[in-house]
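Since the structure comes first, as structure tokens, the remarks are kept for the end.
Throughout, read-outs are computed from the coordinates displayed, never taken from laboratory work. As the structure is a computational prediction, the values presented were derived from the model and not from experiment. Quick reminder, even Gly has a Cβ in these numbers, built from the backbone with ideal geometry, and neighbours come from all protein chains shown.
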Amino acid sequence: MELSRGARVALRLAMALGLAVIYVPLALVLVNSFNASRSFAWPPSGLSTRWWTAAWQETGLREALYTSLKAGLGATAIAVVLGTMAAFAVTRYRFFGRQAVSFLLILPLALPGIVTGIALNAAFRTVLTPLGIGFGLFTVVVGHATFCIVVVFNNVAARLRRLAPTAEEASADLGAHTFQTFWYVTLPAVRSALFAGALLAFALSFDEIVVTTFTAGPGTQTLPLWIFDNLARPDQGPIVDVVAALLIVLSIVPVYLAQRLSGEVLR
Amino acid sequence: MTPPVRRLAGALHRRPRLRLAALISAPMAWLALAYLGALVVLLVSAFWTTNEFTSNIDYLWNTDNFRTVLTDPLYRNVALRTLGIAAAVTLIDAVIAFPMAFYMARVARPRSRRLLLVAVLTPLWAGYLVKAYAWWVMLSHGGVIDWIAAPFGGGSPGFGIPAVVIVLSYLWLPYMILPLYTAFEQLPDSLLAASGDLGARPWRTFVGVVLPLVKPAVIAGSIFTFSLSLGDYLTVQIVGGTTQMLGNVIASNVTLNLPLAAAVSCVPVLIIVGYLLAVRRTGALDNL
């Protein structure tokens, strides 16, 4: 389809405008974190790094970050194990209810977070509280793992579907038993997909707030919960901005890792 | 004597059903216990009632909560408002994503395609709250939007339904661009060339050939923009002023009146399941 010159220019303009709309709000957060004044009146009256220093000294913030890391690692570990097992089962076997398994896996991500959140809240209240297990990091990890399984599953299952069984058959012919074949042949072949899934699962857990709100106890505060809590406090505004700016800068890390991983696939 | 590991491996190798059972039981047990179990608890609790005087739950089976949700105009208005916001967000995202995805996939040089894709998808990693917060700052009184609009005699729309629609559209835009980009990229050149050879002008080709081919992708994107907007309640809290969406009604009732919250949460679930069933025929679900 040969586009006219005018159409090309218009499309390029739309693209540039779209990218501007995507990036201007994020750039403003970065600039505002150096805004000397306490309010976010625009333009800034002066620049200073004092809010970055103040954020560094905020102990609640550091604890929330630590809680988020623990929750993310716990949920990712469970999701990697269960998601990989489910991926092998669904791609390597034909069995009754296979469609239902795929559907059940995606359900926690497809339904609104608030429905998942209050369902888990109600279930924990009915089942765990009588057992003496209160709301805390454990319940957050259980909640996050439930919707993280599907992202690991999707990545690993996609790789397994493209993987020819010949290498595994050769391994078995050469005398390796089931576990040796898995460890030396299958696992290396799915490793990058496994990492990509784990990365996505961790990011999903690290950013999650809705399910977290309903599964965290009063003493457990993840980073998103901390941000939301402090958003409402006018005197904490600049520090929230520093945290937001930091998270924007840090979002380059997973993008870089994902690029490295997809490079590995192409090689 | 063979070592136990090898014996176990042999036993598993001979029995594929046993291997399958070993693989599937743990993930299914987790999802059935932690997730389906929780959903059942929620659904069952929708049939209970909260005692108005003691705020305790009366475990008496009845459908009062559902009757309240269906007949009380408050819930009908909130549901309609939520539907309207979700539809508006989907429409806006489709309109913005269309030219961007088309440019990325068919006009930009192949080398810059990948770069543009990364540029569009990177903000997904920046976090939901961070982005909602960024808009909260921009929309607030004396913020950037006031500053830009002031010379034209305008100002920030403030916190309300327009702000909610803007921020939700911003949040879910990448989910619409990605499937559209893939669809435009997979368009066979031969079909476009054939349309041109048969005398169709670019616009005619676009409407007659391109649009029908990318329709499943638009629907796939709309599943994300629509259902994510339908269940949202934090963006509304941050930039919505006093606006209430279904999510807020559910969230505000969880601690005080769980049975009612459970009944209200059936509304978005039914809408989303209905939407998924309606679009299943178009093949959009294979595009996810």
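Some observations on this one:
- Membrane-span-like helices in chain A, defined here as complete DSSP H runs extending at least 15 Å along the helix axis by their C-alpha atoms with mean Kyte-Doolittle hydropathy no lower than 0.0, are A:5-32, A:59-92, A:98-110, A:113-127, A:137-162, A:187-207, A:237-250, A:252-266; this is a sequence and geometry rule, not a statement about a membrane.
- Debye log10 I(q)/I(0) for chain A, one point scatterer per Cα, at q = 0.16 Å⁻¹: -1.23
- For the protein assembly as shown: rounded, prolate or oblate by the Cα gyration tensor [a/c cutoff 1.5]: rounded
- For the peptides A:151-162, B:62-73, residues were scored by their other Cβ atoms within 10 Å and the scores averaged per peptide; the highest-first order is A:151-162, B:62-73.
- Over region A:9-117, relative contact order from alpha-carbon pairs under 8 Å, at least 6 apart, %: 11 percent
- Under 5 Å between amide hydrogens, built in the peptide plane, is the criterion, and for A:Asn35 it picks out A:Ser48 among residues at least 5 positions away or on other chains.
- Using C-alpha pairs under 8 Å with a sequence gap of at least 6, the mean separation divided by the residue count of chain A gives a relative contact order of 30 percent.
- Amide H to amide H distances under 5 Å link B:Thr49 with B:Asp58, B:Leu60, where only residues 5 or more positions off or on other chains count and H is placed in the peptide plane.
- Trypsin sites (Lys or Arg not before Pro) restricted to region A:64-145 and DSSP loop, no more than 15 other C-beta within 10 Å: A:Arg94
- Under the membrane-span-like helix rule (DSSP H runs whose alpha carbons stretch at least 30 Å along the helix axis, mean Kyte-Doolittle hydropathy 0.5 or higher), chain B yields B:73-102, B:161-186, B:258-280.
- Exposure proxy for A:Thr84, A:Thr166: other Cβ atoms within 10 Å of each Cβ, ordered fewest to most, give A:Thr166, A:Thr84.
- Equivalent-ellipsoid semi-axes of region A:1-149, from the Cα gyration tensor, Å, largest first: 41, 32, 14
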